[in-house]
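Input: a single structure, listed below in structure tokens.
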């Protein structure tokens, strides 16, 4: 090579290798050093704004007929669903609606599998934290004794004028599942609209995976999610199924519950429950292939009864 005399090539490569190794070690020892050059790395508002810009084309054109992107993943024994959406409420409305654990009980109640929800202090973790005591069961009326109790610790890490973050987590869940995490982030994109990111995830033990596979082979047979993985012979979309399909359905149900709660939040107090129930049911019926379970009258009657029960049972 021109400029390098005979005998110099090997030492040059040697010293270059040493320099690169030192740089690599420095990055491992202090990984934040490279992040220091990115002013957005620790700013949640800017991170959310960057994500909004990245998914904006998908928000404008997608299968949902609303500004929404749904993603799911299965890594080892963990399942995860993410929804990115623009909702038609100012950030102040979103914050005031979602920064209260009582409101989250009203949200969780809308999910078809939620049989009961109550806010408790000093939960089983023996701390002063706030938790939501939730019973999860079948998609039909059910006694609490037959449902599974799950306690979600409630945290409100950040609630400012332009950014909200809420975290719910539970150690144990139904059917051998564990390490539940629900994380919501929201940031304003205009005076009347908010960009929201909802994450729903959990892990499953071997027992849990067997239980889920049994469900998918029996009661859940033929159920699908929202991700299109191909086309059938007749040209119709072929949707993802299995545990990822299950994850996508439940992530969507929780998102629609949040949206339905916010849509009724400014209504008269005595009308809010009915408006939430009808809004959630109507929203789910826009995706009947994935979410239809009951007729409207059956869903509303069941939820009215469950709401009355959770006011009386603590």
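The values are calculated or read from the model by the stated rules, or taken from the named source; none is laboratory data. All of these numbers come straight from a predicted model, not from anything done at the bench. Don't worry about glycine lacking a Cβ; one is built from the backbone with ideal geometry, like all the others, and counts go over all protein chains shown.
For residue 200, state whether it is in contact with a helix residue (DSSP H, G or I) (Cβ under 7 Å, 6 or more places away or on another chain) and in a strand (DSSP E or B). Full working, then the answer.
Details: in contact with a helix residue (DSSP H, G or I) (Cβ under 7 Å, 6 or more places away or on another chain): yes; in a strand (DSSP E or B): yes.
When the stated conditions are applied, residue 200 passes them.
Do we have residue 103 as touching a residue at least 24 places away in the same chain (Cβ under 8 Å), within 21 Å of residue 282 (Cβ to Cβ) and crowded, with 21+ Cβ neighbours inside 10 Å here? Write out each step before concluding.
Values: touching a residue at least 24 places away in the same chain (Cβ under 8 Å): yes; within 21 Å of residue 282 (Cβ to Cβ): yes; crowded, with 21+ Cβ neighbours inside 10 Å: no.
The answer is no for residue 103.
Taking the conditions (1) buried (at least 17 other Cβ atoms within 10 Å of the Cβ); (2) in contact with a helix residue (DSSP H, G or I) (Cβ under 6 Å, 6 or more places away or on another chain); (3) in contact (Cβ under 8 Å) with a residue 40 or more places away in the chain; (4) over 15 Å from residue 95 (Cβ atoms) in turn, residue 141 satisfies each one other than (1).
Of all residues in region 163-176, count the ones that are surrounded by 15 or more Cβ atoms within 10 Å (Cβ to Cβ) and modelled with pLDDT under 95.
Within region 163-176, the subset surrounded by 15 or more Cβ atoms within 10 Å (Cβ to Cβ) is 163-170, 173-176.
Applying the additional criterion that residues be modelled with pLDDT under 95 yields 173-176.
Of the residues in region 163-176, 4 are surrounded by 15 or more Cβ atoms within 10 Å (Cβ to Cβ) and modelled with pLDDT under 95.
In region 179-191, what count of residues is obtained for those that are over 15 Å from the mean Cα position of the chain (by Cα) and part of a strand (DSSP E or B)?
Here is the first cut: in region 179-191, the residues over 15 Å from the mean Cα position of the chain (by Cα) are 187-191.
Narrowing further to those that are part of a strand (DSSP E or B): 187-188.
Going through region 179-191 one residue at a time, the tally reaches 2.
Residues are listed down the side, and each one gets a yes or a no for (1) closer than 29 Å to residue 55 by Cβ; (2) touching a residue at least 24 places away in the same chain (Cβ under 8 Å):
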position	(1), (2)
110	yes, yes
120	no, yes
130	no, yes
136	no, yes
157	yes, no
167	yes, no
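Among the residues of region 279-314, those that are buried (at least 16 other Cβ atoms within 10 Å of the Cβ), out of contact with any strand residue (DSSP E or B) (no Cβ under 7 Å at 6 or more places or on another chain) and in a helix (DSSP H, G or I) comprise 279, 280, 281, 283, 284, 290, 291, 299, 300, 302, 303, 307. Do we have any residue at all in region 48-67 that's part of a strand (DSSP E or B), buried (at least 17 other Cβ atoms within 10 Å of the Cβ) and in contact (Cβ under 8 Å) with a residue 60 or more places away in the chain? Among the residues of region 48-67, not one is part of a strand (DSSP E or B), buried (at least 17 other Cβ atoms within 10 Å of the Cβ) and in contact (Cβ under 8 Å) with a residue 60 or more places away in the chain, which makes the answer no. The single condition among (1) surrounded by fewer than 21 Cβ atoms within 10 Å (Cβ to Cβ); (2) assigned to a strand (DSSP E or B); (3) touching a residue at least 60 places away in the same chain (Cβ under 8 Å) that residue 81 does not meet is (1).
In region 204-216, the condition of being assigned to a loop (DSSP other than H, G, I, E, B), surrounded by fewer than 16 Cβ atoms within 10 Å (Cβ to Cβ), on the phi < 0 side of the Ramachandran plot and at pLDDT below 90 is met by at least one residue.
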